[in-house]
C-alpha cells in the first residue's frame, strides 16, 4: 500500500533560500538583500489565486519569488539572480519571469532555456535533445544594474513531485 507524503514547505524554502541568497554582482559591497517567498498556486471561482504556503502536498504547484533589493548608496552592477529548484520539485516550463532565463543541472554551470544535450543513439548517430525540466536544479537571470534603493523580482513555478511511501500492513 502506498500513500502520499506531506512535504513541509519550510524544508523546500530553506533549500531554496540557500541558493537564492547568493546574489552575485560586480559592485554590491554587501548592499543587495534577497527575500524569498513561496505561494501555493490554486484556483478559486475560475481564477488563479496565490496563497502563502505553509505546507504543500505532492502534485501541488508553488510559485517562488525572489526579491532583490539594493539597500546601498551605490548602484549594483552585474547583478545575477539565482533561484534554486529544490530536490523533490520540478520547474514548470514557461513560468520564469523575466522570460529570458538560464538553467542549470548542477547550480554552477548555466545555459539558456531550454537546456540541450547531445545523445548517442543505438545506431551510432548523435542527436541534440532537450534536457527534461525535471533535471533542472537552478534558474538564473542577468539583472544587470540595480540602482540604489530599487528592487527587482524574479519568479518561477515548481511542481512538487509525487512521492510514494510503502506502508507496512500488519
Worksheet item: So which residues in the stretch 125-144 are part of a strand (DSSP E or B) and under 26 Å from residue 99 (Cβ atoms), if there are any at all?
Response: 128, 129, 130, 138, 139, 140, 141, 142, 143, 144
Worksheet item: Which residue, of 140, 117, 125, is out of contact with any helix residue (DSSP H, G or I) (no Cβ under 9 Å at 6 or more places or on another chain) and within 30 Å of residue 75 (Cα to Cα)?
Response: 140
Worksheet item: Does residue 63 satisfy the criteria of being surrounded by 12 or more Cβ atoms within 10 Å (Cβ to Cβ) and under 16 Å from residue 140 (Cα atoms)?
Response: yes
Worksheet item: From the list 83, 67, which one is within 17 Å of residue 155 (Cα to Cα), at pLDDT below 95 and touching a strand residue (DSSP E or B) at 6+ places or on another chain (Cβ under 7 Å)?
Response: 83
Item to complete: Kindly indicate whether any position in the stretch 148-167 is in a loop (DSSP other than H, G, I, E, B), at positive phi and surrounded by 13 or more Cβ atoms within 10 Å (Cβ to Cβ).
Response: no
Discussion item. I'd like the residue in the stretch 99-111 that is part of a loop (DSSP other than H, G, I, E, B) and surrounded by 12 or more Cβ atoms within 10 Å (Cβ to Cβ) and, out of all such residues, is modelled with the lowest pLDDT.
Written reply: 107
Practice prompt. Tell me which of these residue 122 doesn't satisfy, since it passes every other one: (1) in a loop (DSSP other than H, G, I, E, B); (2) in contact (Cβ under 8 Å) with a residue 12 or more places away in the chain; (3) surrounded by fewer than 17 Cβ atoms within 10 Å (Cβ to Cβ); (4) over 15 Å from the mean Cα position of the chain (by Cα).
Written response: (2)
Worksheet item: Could we say that residue 87 is under 12 Å from the mean Cα position of the chain (by Cα), part of a strand (DSSP E or B) and closer than 24 Å to residue 37 by Cα here?
Response: no
Worksheet entry | Single match in 92, 32, 41 (criterion: over 22 Å from residue 160 (Cβ atoms), surrounded by 13 or more Cβ atoms within 10 Å (Cβ to Cβ) and modelled with pLDDT of 90 or more) | 32
Practice prompt. For residues that are at pLDDT 90 or above and outside any strand (DSSP E or B), scanning just the stretch 44-56, find the one that is nearest to the chain's Cα centre (by Cα).
Written response: 46
Discussion item. Checking residue 114 against (1) in a loop (DSSP other than H, G, I, E, B); (2) at pLDDT 95 or above; (3) closer than 23 Å to residue 39 by Cβ: exactly one of these is not met. Which one?
Written reply: (3)
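The values are calculated or read from the model by the stated rules, or taken from the named source; none is laboratory data. Just so it is clear, the structure is predicted and the values come from calculations on it, not from any experiment. Cβ coordinates were reconstructed from backbone atoms using ideal geometry, including for glycine residues, and neighbour counts include every protein chain displayed.
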